[in-house]
Every structure is written in C-alpha cells, then in structure tokens.
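Input: a single structure, listed below in structure tokens.
What follows draws every value from the coordinates through simple rules; no lab data is involved. These numbers were taken from a predicted model, which means no experiment stands behind them. In this analysis, Cβ positions are derived from the backbone assuming ideal geometry, glycine residues included, and neighbour counts consider all displayed protein chains.
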Amino acid sequence: MGRPPPGPGDRHSKPSAGMGEGEIMARATRPRRASSSRSTRVSPIPPGFPTVIAYLAVEGGVAALEFYKKAFGARELARELAPDGRLINARLRIGDTIIMLSDVFPGDDFVAPSMVGTTTVTLQLYTKDVDRAWDRAVAAGAKVVIPLDEQYWGERHGHLLDPFGHHWSLAMRVPMSRAEMAKKRAEAYAGFTRGVYHHSQSAYTDA
C-alpha cells in the first residue's frame, strides 16, 4: 500500500507553484501549534453545577456543615480545611441544589451574619413534606421566626433562622379555596396598613 497523499500541513508536502525560496524555508521551519484537545475537554461550567449558587459565609464552618446535614438533609460533596481547622470551602447538595460555604478569614471582603447581626438574603427551600422538613430543622436547632401556616399565595410556608445567622423559608404548595386565600390576603394586607410586613409573625397573630 502506498503512502497517503501529503496534506496541507505535512512538512513533506510539495510547495505550491510560485512560492519563493524564503517562503518555502519559513513554511518548513514554522513551529506547529500545540494541540487544543486538552482545552476542549474542560467544560466552562463544572458538571452538575447550576447557573447560580448561594455561597454562605459563616463563623464555625465545620459545625455549620454538620448542622445543614441534620437540619435539611444536606449531602456533603467536598470540603477543604485550613491548617487551623477552619473551613476554606465546602459544597453541599440539598435536593437538586448546590450550596457553598466557608469560614470568614482576615482580609475577606464579606462577613458572616453573626458578625453584623443580620443578613439580607433568605434561602427558599421547597419540599414535598414541609411539616416533616420543618420539624427536622427545628429539632436540629433552627429558630422559628414565622410559624408554619397556609399563606395567601397558596403555599404552606414558614421562616426559620439557623444558628449561623442565615434565614430559611420552608414551603410547599397546597390546595386552598379562593375564600381561604382571600381571608389570608386580608389578614396580611391589614398588617401592611399597620406598618407590619407580611413576613412578620405579628401580621397574622394580631390581625
């Protein structure tokens, strides 16, 4: 069997007609580009990662990992510890969602809620059995902020504060009649008129 015909990048291929001697030499000595096969095997987004991931800052990272496992059934995917035992980075999966978290280190440009006394973010957790999930989280040490109850938007919903200062809303959709939803809406709106937002327990208990 004969040798296959030379390709355009083969250094043994014959020069095209009209090419000067200098161009022929440059072509023969031009270095080949490195193969790009390595880069094409790397996905820009890690496999299994969603587009948006909550990254929680905490004080007591390892303890936070254990709490989220007990409270929300989180599965640990990875952890990296500093020599002093603090958490550099960890990944958890809760249901179909990934959450990252770490301790706060000197020089970081973020703080944990426990360092400032509040947080501006609430994590919303949907579940098929919110009462069971609620009881599990409370038993693990979460504090009730808004009791679990049917709300006017058609969900059984409540609000918890975890021991590390992060807020969680637990919810599931439930069947509600128009009359039930209207009554709940009136109670919530009555809270608005008193300057009480509907995400406050008093909007329901003294309406």
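What lysines does LYS128 reach when the alpha-carbon gap must be under 24 Å and sequence neighbours fewer than 8 apart in one chain are set aside?
Cross-link targets: LYS69, LYS70, LYS143, LYS184.
Can you tell me the length gained on complete extension of the stretch ALA78 to THR97, counting 0.36 nm per residue apart and subtracting the Cα distance?
Result for the pair: 5.4 nm of gain on full extension.
Calculate how many DSSP beta bridges within region 54-176 are antiparallel, expressed in % of all such bridges and rounded to the nearest 5. All intermediate terms of the calculation are to be shown ahead of the outcome.
Details: 24 of 34 bridges.
Expressed as a percentage, antiparallel bridges in region 54-176 total about 70.
Set the Förster radius R0 to 45 Å, insert the Cβ-Cβ distance between ILE45 and ARG194 as r into 1/(1 + (r/R0)^6), and round the FRET efficiency to 0.05.
That pair, ILE45 with ARG194, gives E of 0.45.
Evaluate E = 1/(1 + (r/R0)^6) for THR120 and ARG178, where r is the Cβ-Cβ distance and R0 equals 35 Å; express this FRET efficiency to the nearest 0.05. Intermediate results must be reported in sequence, preceding the final value.
Values: r = 34 Å, r/R0 = 0.98.
After rounding, the FRET efficiency stands at 0.55.
Using a Förster distance of 35 Å, how high is the FRET efficiency between PHE105 and ASP135, based on the Cβ-Cβ distance and rounded to 0.05? Mind dumping the intermediate values first?
On the way: r = 35 Å, r/R0 = 1.00.
E between PHE105 and ASP135, to the nearest 0.05, is 0.50.
Could I have the simple spin-label model distance between ASP149 and LYS69, label points 7 Å from Cα toward Cβ, reported in nm to one decimal?
3.6
Starting from the Cα-Cα distance between ILE88 and ALA54, subtract it from 0.36 nm times their residue separation and give me the gain in nm to one decimal. Walk me through the numbers before you get to the answer.
On the way: separation 34, 0.36 × 34 = 12.24 nm, distance 1.55 nm.
Taking 0.36 nm per residue and subtracting the Cα distance, the gain is 10.7 nm.
Please list 177-187, 61-71, 95-105 highest first by mean number of surrounding beta-carbon atoms within 10 Å per residue.
Details: 177-187: 12.8, 61-71: 18.6, 95-105: 16.5.
Peptide ranking by packing, descending: 61-71, 95-105, 177-187.
Starting from the eigenvalues of the Cα gyration tensor, five times each then square-rooted, give me the equivalent ellipsoid semi-axes of region 54-176, largest first, whole Å.
Gyration-tensor ellipsoid for region 54-176: 27, 15, 12 Å.
Please state the charge dipole magnitude for region 54-176, taken about the Cα centre, from unit charges on C-beta atoms (+1 on K and R, -1 on D and E), reported in debye and rounded to the nearest 20. Write out the running numbers ahead of the final one.
On the way: 13 positive and 16 negative charges, 75 e Å.
Once rounded to the nearest 20, the dipole reads 360 debye.
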